[in-house]
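The structure appears right after this line, and notes come after that.
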C-alpha cells in the first residue's frame, strides 16, 4: 500500500508547502530575521500558495485512488478495515509551543536559538523510551543530512558571493525572472541561501540594504510583486529535488530507515518533479506571477 508516491508527496506538501506562509522554517525564516513581518506571507502569498496546495492535493488523491484500486483485494480489505488510532507523546505539544513562541524573540542575541535548543533537548528526555522505540527514532538521518548540507553550503558560498556582487549584470529585473531564476537555483542548490541572495539582489535594485530592517519594510511596499515571486519561487521549487530543501533529505532518510521505498535522486526528478510538480509551478506562474 505504501509506495514512493507517499514519500514524494509528503515532501511536496509538508516539507515545502507546509512552510510556505509563515517563517517557521527555511527559507522564509531567513527573511523574517532580516525584517520581513511574520504575517506578510499570509497576507500576500496565500492565493498562490492555495493554488499550489490544492493542485497537488487533487493530483495525489487521483493517483493514490487509482493505485489503491489496482492493489490486490487482500491489501484493499486490510487498509479499509476498522483500526484504533491513538497518540502517544502529547506532552511534546508543550515543547512545540515553546519553539513556535521562540520565533518572536528578537533580543538579546542568540536567546531565540537557545530557547529552541533547550526545548528540543527537553522534548527528547521527556519522551518515553517506548515512544522512541515505536518510532525507531535515531539521530542517524540528522547526522547524514548535516554533513551533506555542510558540503553544499561550503561549495555554494563562492557562487552566492558572485551573484551578490554581479547580480545586476544578470538582468534579473522582473517578477517573472525572479520567480524562475530563484526557483531554478533553489532546486539544485538550497532554497534558504538562494532566497536570501535574491532578496538582497532585489533590494539592491532599489538602492536598499538587506541588513537594514527599515529598508526591507520599504522594499515590501514598492517591490511586493518581486517579493512574492522570490518567496514562492524558493518555497515551491525547493520541492523539486532532494537537496532543494534540507527537510527533503531528512524525510528520505527516515523513510529508508523504516524500510520504505524511496526514489533515487534522478528518479525523483524524472518520475515526479517534471510530470507533476512542474505543471503546478507553471500554473502558479501563469495565474499569479505573469498576471
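Tabulated data
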item: Hits in the stretch 216-240 (condition: more than 18 Å from residue 52 (Cα to Cα) and in contact (Cβ under 8 Å) with a residue 60 or more places away in the chain); result: 216, 217, 220, 224
item: 3 or more residues more than 20 Å from residue 142 (Cβ to Cβ): qualifying helices (runs of 4 or more DSSP H) within the stretch 189-287; result: 191-205, 213-222, 224-237, 265-268, 278-284
item: Candidate set: the stretch 1-25, residues that are in a loop (DSSP other than H, G, I, E, B) and over 17 Å from residue 281 (Cα atoms); chosen: the one modelled with the lowest pLDDT; result: 1
item: Residue match in the stretch 58-80 (condition: at pLDDT 90 or above, more than 22 Å from residue 223 (Cα to Cα) and crowded, with 16+ Cβ neighbours inside 10 Å); result: yes
item: So residue 194, is it surrounded by 15 or more Cβ atoms within 10 Å (Cβ to Cβ), under 25 Å from residue 287 (Cβ atoms) and either in contact (Cβ under 8 Å) with a residue 40 or more places away in the chain or touching a strand residue (DSSP E or B) at 6+ places or on another chain (Cβ under 7 Å) (or both); result: yes
item: Sole residue being touching a helix residue (DSSP H, G or I) at 6+ places or on another chain (Cβ under 9 Å) and within 21 Å of residue 192 (Cβ to Cβ), chosen from 59, 105, 51; result: 105
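Rundown of residues vs (1) at pLDDT 90 or above; (2) under 15 Å from residue 12 (Cα atoms); (3) crowded, with 21+ Cβ neighbours inside 10 Å, yes/no style:
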{"position": "184", "(1), (2), (3)": "yes, no, no"}
{"position": "201", "(1), (2), (3)": "no, no, yes"}
{"position": "204", "(1), (2), (3)": "no, no, no"}
{"position": "217", "(1), (2), (3)": "yes, no, no"}
{"position": "237", "(1), (2), (3)": "yes, yes, yes"}
{"position": "253", "(1), (2), (3)": "no, no, no"}
{"position": "276", "(1), (2), (3)": "yes, yes, no"}
{"position": "281", "(1), (2), (3)": "yes, yes, yes"}
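The values are calculated or read from the model by the stated rules, or taken from the named source; none is laboratory data. A quick note: this is a predicted structure, and the numbers were derived from the prediction, not measured. Glycine also receives a Cβ, built like all others from the backbone with ideal geometry; neighbour counts cover every protein chain displayed.
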